[in-house]
Every structure is written in structure tokens, then in C-alpha cells.
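A short write-up of the structure that comes next.
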Amino acid sequence: MTLGPATSALQRTLHDVLVDGRPAPTRLYARHLAAAFRRLWLVGVVGAAVVVMYVVALLFWTSAGGAPGVAALVILLPLGGLALALYLAILAAAPRLPDDAGPRELARAGWGVLTLHPLAGAGRVILMATWLLLLSRLPTLGLIGLGLVPAFLALTITWRPAFLVPPAGSGS
């Protein structure tokens, strides 16, 4: 139930601390979490249910085998990748929206980020899949990285640190 609000609050806090340079990240996170919980608790519940249904469908069609199983996986895997890219794009768009933005505004802004940065979104999906594969081998990494890895990947979709941006007039 706290997945949606917690990830939105963490994303806003990371943006405030890393991009805007604001101090007191714990206080910022608590304030963002309280605001996000009031408007996004249902997203956390529905999102968790959809992820569980998706994993069950993947496991079912993987074990089914044959042509129907392959056909189902050909449909399910790209849809899962698109959903993961949209999730990361929504996280990337969340800090730029007002604090009272609801799920529809978040989804609309996330889709806008995804259409503006499709290659960055696809690259982050590959990195996130790699992270999940690593997590399947070393589950204890989940204690630290389950919230931070998606948040940092989402932050890098649109944000470019100063040392990565070429100087003006450099021709790059």
C-alpha cells in the first residue's frame, strides 16, 4: 500500500537534494511522504496487485510451453517492458509536478517524458531488468536498492549532471 506514495516521495526528495541542493533529506522525505500518501495510496494497492498478476501470468505461460505459451510471452514481455518504462518515466516526471498532482496527472506527465526520451527509457528498462536479475541472485541487496535503484534510474532519464553536459559552443 505504500509503494506508490513512497516511491513518489523518494523521487521528489532525491530531486530536491541532488538537483536543487536542498538540505535535510529526512525531513523532506517525511513531508513528501505525508503528501503523497494522501493522494496515491490507491495507486500502491492497485500497482502491487497488477505486478502480482503479471508475474503469475509470466510464470503460467512460461510453464505452459508450446505455441500458445510463446505467443503469450511475445505479448507479455514487451507490455511489461513498456509498463516498467512508464513507471520510471512517471518517477522522472513526479518532481516537476505540483504536490497535489493526482495519478492522472502523473501518468500524463510520465507518458510525455517517455515520448520525449524513448531511448533513455529503454536503456533504463534494460538496467532495471539487470538489477532485478542481480536481485534474484543476491536478495539481500533488496534491503538497500529496491527503492533507490528505480529512483536513481528515473532521475537520470531527464537530468544530466553538469560534468556530462558539453560546454556551449563545443560542437558536441
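Some observations on this one:
- Any hit, the stretch 102-119, residues being closer than 15 Å to A36 by Cβ, part of a loop (DSSP other than H, G, I, E, B), in contact (Cβ under 8 Å) with a residue 24 or more places away in the chain and out of contact with any strand residue (DSSP E or B) (no Cβ under 7 Å at 6 or more places or on another chain): yes
- Any hit, the stretch 125-141, residues being in a helix (DSSP H, G or I), modelled with pLDDT under 90, open to solvent by less than 90 Å² (accessible area, probe 1.4 Å) and closer than 23 Å to L97 by Cα: no
- Some residue of the stretch 46-69 being in a helix (DSSP H, G or I), in contact (Cβ under 8 Å) with a residue 60 or more places away in the chain and surrounded by 13 or more Cβ atoms within 10 Å (Cβ to Cβ): no
- Residue match in the stretch 13-21 (condition: charged (D, E, K, R), modelled with pLDDT of 85 or more and either part of a helix (DSSP H, G or I) or closer than 19 Å to L153 by Cβ (or both)): no
- Of the residues making up the stretch 70-94, those that are closer than 28 Å to A151 by Cα, of a type in the set (G, A, S) and open to solvent by less than 50 Å² (accessible area, probe 1.4 Å) are G80, G81, A85, A89, A92, A93, A94.
- Among the residues of the stretch 1-45, the ones that are in contact with a Ser or Thr (Cβ under 6 Å, 6 or more places away or on another chain) and surrounded by fewer than 18 Cβ atoms within 10 Å (Cβ to Cβ) come to 1 in all.
The values are calculated or read from the model by the stated rules, or taken from the named source; none is laboratory data. All of these numbers come straight from a predicted model, not from anything done at the bench. For neighbour counting, all protein chains shown are included, and Cβ atoms are generated from backbone atoms with ideal geometry for every residue, glycine included. For accessibility, only protein heavy atoms count, side chains too; no ligands or nucleic acids. Shrake-Rupley method; radii C 1.70, N 1.55, O 1.52, S 1.80 Å.
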